[in-house]
Amino acid sequence: MEYKKTLYNLYYKWWKNIDKFIFSLIILLFFIGLFFSLVSTSLIVSDKLDTNDYSFFFKHLIFIIFWLFIIFGLSSIDQEKLLK
């Protein structure tokens with residue numbers, strides 16, 4: 001029970017302190033890039049290699065998930081600790 005409270009407090013403090021406009025723009029750019037990666041590279045790869053390969057899309061998706069964890073991790077660190 002206490003673990004849920006600390007996790008909730010961490011999330012609440014993180015959500016309260018971030019700039020929501022910039023965060024939403026970053027998320028929007030991630031998903032626009034993911035969409036265009038799906039639309040454009042799947043057509044190019046299927047034309048050139050005669051396959052239905054979505055490897056570029058999945059690679060982009062993996063990098064998006066990785067960077068979301070990095071963004072969450074860095075933004076949850078206190079500013080004083082981050083500058084040290």
In nanometres, the difference between 0.36 nm per residue of separation and the alpha-carbon distance of Trp15 and Leu34 is 4.4 nm
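Given the Cα-Cα distance of Phe56 and Ser76 and 0.36 nm per residue of separation, how much length would full extension add, in nm?
The Phe56-Ser76 span can extend by a further 4.2 nm.
Rule-based calculations on the coordinates, nothing more; no lab input. Since we're looking at a predicted model, the values are computed, not measured.
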